[in-house]
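Colleague: Below is one structure. I have some questions about it.
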Amino acid sequence: MPAATLDAFLNSYLGEPDELRSAVVATIRQLTQAATTIRNTINQGVLGTAFAGTRSANADGDIQKDLDVFADDIFLDAMRHAPVALYASEELEQPVLLDRQEPLAIAIDPLDGSSNIDTNVSIGTVFSLLPATGAPDGNPAASFLQAGVNQLGAGFFIYGPQLALVLSLGSGTHVFVLSTRLGTFVQAYESRIIPQRTQEFAINAANYRHWDEAVRLYIDDCLEGTEGPREKDFNMRWIASLVADCYRILMRGGVFLYPGDKRKGYRQGRLRLVYEANPIAYLVEQAGGAATDTMTRILEIEPESLHQRVPMVFGSAREVARITRYHTEPSAIGERAPLFSRRGLFRA
């Protein structure tokens, strides 16, 4: 039996006519067209004008590359042709009001992992679909200050060896790959399930000295392998591309950590709650995984601002729960005895 196309999947989701579902379907179709344009531009590499160079910092203080701005322009233009009331982006300080009569708000990181552009590592686009809500003061950002549990759908495109779309509309997390032969996205994996247990973690170990003690202890225990309290060997992975790390975890399990740390500007983490952490958490939970800020479920956090940052841990549910215990009740981790007596491999 041939694999289902994205169109068939969306038609099945649509079912009986419904304003919100119809809007979600129309918006995803526009997103896929925009992502295909971005992919074609990325494939030109430094031979294309969108790779020309680096610009100034964006609204949140991160350095913009020309491809960041190009991608943002492409997706914003695509959303002008979708039933979207409001468009919020990492690259823009304030949301753009497109049509207040439309039912959806979209929050997007147009080009995640742009620090990897020059090194030819997979990058992507992360998006969150929310119901557009009115605000008494007319504040256009109000629609984006909802907890992630209110998302109508979420997903990301990954521009790698294949152009893939990871998508959830509330009933599992599905993976579609663009077929150049058919000219459409085809379902490659249906309802991915992240294994509850894992022996693989992703973290930037160069920041070890800046981490809180709970994170250090967790990593120390993993690194001690079969001789340590975990009694098994772990592998470490770190791509520094959120979509690439998440895609790997969806394919084979694992846990991802981007904790807050003691560096200036990093205490509250670096990932953005509204357009990075929330959609990733939605996808991970729909695949049977878990996502927290080390202690609190990501999808239950009420955003206070559009560009709010948050620490993030996601992946295999049991491992995420264990990391929470390292923060809240380390003495309850039975195999750690006596607590704090072990010296980490990074410590003299």
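The values are calculated or read from the model by the stated rules, or taken from the named source; none is laboratory data. Source: prediction; values computed, not measured. Every residue, glycine as well, gets a Cβ built from its backbone with ideal geometry; the counts of neighbours run over all protein chains shown. Just the protein is used for accessible areas: all its heavy atoms, side chains included, with ligands, DNA and RNA removed. Shrake-Rupley method; radii C 1.70, N 1.55, O 1.52, S 1.80 Å.
Colleague: When the chain is modelled as a GNM with alpha-carbon springs shorter than 10 Å, which of 302, 329, 200 fluctuates the most?
Modeller: 329
Colleague: Cα centroid distance between the stretch 93-124 and the stretch 287-330, in Å?
Modeller: If you average the Cα positions of each part, the centres end up 23 Å apart.
Colleague: Could I ask something else about it? Looking at the chain only, what percent of DSSP beta bridges run antiparallel? Nearest 5 please. Working shown, then result.
Modeller: Details: 44 of 54 bridges.
Bridges in the chain are about 80 percent antiparallel.
Colleague: How long are the semi-axes of the equivalent ellipsoid of the chain, taking √(5λ) for every eigenvalue λ of the Cα gyration tensor, in whole Å from largest down?
Modeller: Details: eigenvalues 231, 94, 88 Å².
For the chain, the semi-axes come out at 34, 22, 21 Å.
Colleague: Say the dipole of the chain comes from +1 at the beta carbon of Lys and Arg and -1 at that of Asp and Glu; which of 306, 15, 25 then lies farthest toward its positive end?
Modeller: Sorting the options by dipole projection puts first 306.
Colleague: Using Cα atoms only, what is the angle between the long axis of helix 66-79 and the major principal axis of the chain, expressed in degrees (0 to 90) to the nearest 10?
Modeller: The answer is roughly 50 degrees.
Colleague: Using only alpha carbon pairs under 8 Å that are at least six residues apart, calculate the relative contact order of the stretch 272-316 and give it in whole percent.
Modeller: On the way: 58 pairs, mean separation 22.7, N = 45.
50 percent.
Colleague: Along the stretch 273-288, what does the Karplus equation 6.51 cos²θ - 1.76 cosθ + 1.60 (θ = phi - 60°) give for ³J(HN,Hα), rounded to whole Hz, x for Gly and Pro?
Modeller: 5, 6, 10, 10, 5, 4, x, 5, 4, 4, 5, 5, 5, 5, 9, x
Colleague: Write down the Kirkwood hydrodynamic radius of the stretch 201-284, to one decimal in angstroms, obtained as one divided by the mean of 1/r over all alpha carbon pairs. Don't jump to the answer; show the numbers that get you there.
Modeller: Details: mean 1/r = 0.0719 Å⁻¹.
Result for the stretch 201-284, one decimal place: 13.9 Å.
Colleague: Testing the spin-label approximation: label points 7 Å from Cα along Cα→Cβ at residue 263 and residue 300. State their distance in nm.
Modeller: Result for the modelled spin labels: 3.0 nm.
Colleague: Based on Cβ point charges of +1 for Lys and Arg and -1 for Asp and Glu, what charge dipole magnitude is obtained for the chain about its Cα centre, in debye rounded to the nearest 20? Intermediate values should be presented prior to the final figure.
Modeller: Numbers: 32 positive and 41 negative charges, 214 e Å.
Result for the chain is approximately 1020 debye, rounded to the nearest 20.
Colleague: Over the chain, with a Gaussian network built from C-alpha contacts below 10 Å, which listed residue (258, 275, 189) shows the highest mean-square fluctuation?
Modeller: Largest GNM mean-square fluctuation: 189.
Colleague: Enter the Cα centre distance for the pair the stretch 172-251 and the stretch 5-24, rounded to the nearest angstrom.
Modeller: 31 Å
Colleague: Specify the residue with the greatest mean-square fluctuation among 253, 170, 155, computed from a Gaussian network of the chain linking alpha-carbon atoms under 10 Å apart.
Modeller: Among 253, 170, 155, the largest GNM mean-square fluctuation belongs to 170.
Colleague: Let me ask something else. Net charge around residue 154, counting only other residues with Cβ within less than 11 Å of its Cβ (Lys, Arg = +1; Asp, Glu = -1)? Could the numbers behind the result be given before it?
Modeller: Working: positive: none; negative: 276, 285.
Neighbour charge sum, excluding residue 154 itself: -2.
Colleague: Which is farthest toward the positive dipole end of the chain among 120, 101, 87, measuring Cα position about the Cα centre, with Cβ charges +1 (Lys, Arg) and -1 (Asp, Glu)?
Modeller: With unit charges placed on the Cβ atoms, the residue in question is 120.
Colleague: Also, quick follow-up: Taking amide hydrogens as modeled 1.01 Å from N in the peptide plane, which residues meet the under 5 Å criterion relative to residue 312, leaving out close sequence neighbours?
Modeller: Result for residue 312 returns 258, 260.
Colleague: Next question, about the same structure. So what's the net charge close to residue 14: Lys and Arg +1, Asp and Glu -1, counting the other residues with Cβ under 12 Å from its Cβ? The partial results should precede the final answer.
Modeller: Numbers: positive: 21, 29; negative: 7, 16, 18, 19.
Taking every other residue near residue 14 into account, the sum is -2.
Colleague: Just name one of 170, 185, 214: the one whose Cα is farthest towards the positive end of the charge dipole of the stretch 143-250 (beta-carbon charges, Lys/Arg +1, Asp/Glu -1).
Modeller: Toward the positive end, the furthest listed residue is 185.
Colleague: Also: Given a 1.4 Å probe and heavy atoms of the protein chains only, how would you sort 73, 293, 118, largest accessible area at the top? Intermediate values should be presented prior to the final figure.
Modeller: Numbers: 73 90, 293 35, 118 115 Å².
Solvent-accessible surface, decreasing: 118, 73, 293.
Colleague: Could I ask something else about it? What's the local net charge at residue 252, with K and R +1, D and E -1, over the other residues with C-beta under 15 Å away? Show your work: numbers first, answer last.
Modeller: Values: positive: 192, 197, 237, 248; negative: 200, 245, 319.
Net charge around residue 252: +1.
Colleague: Using Cα pairs under 8 angstrom and six or more residues apart, how large is the relative contact order of the chain, in percent? Before the final figure, lay out the partial values.
Modeller: Working: 722 pairs, mean separation 52.5, N = 348.
That works out to 15 percent.
Colleague: Further, regarding this structure: Kindly write out, for the stretch 100-106 in residue order, the coupling ³J(HN,Hα) from the Karplus curve 6.51 cos²θ - 1.76 cosθ + 1.60 (θ = phi - 60°), rounded to whole Hz, with x marking Gly and Pro.
Modeller: Using θ = phi - 60°, the values come out as 5, 7, 7, x, 10, 10, 10 Hz.
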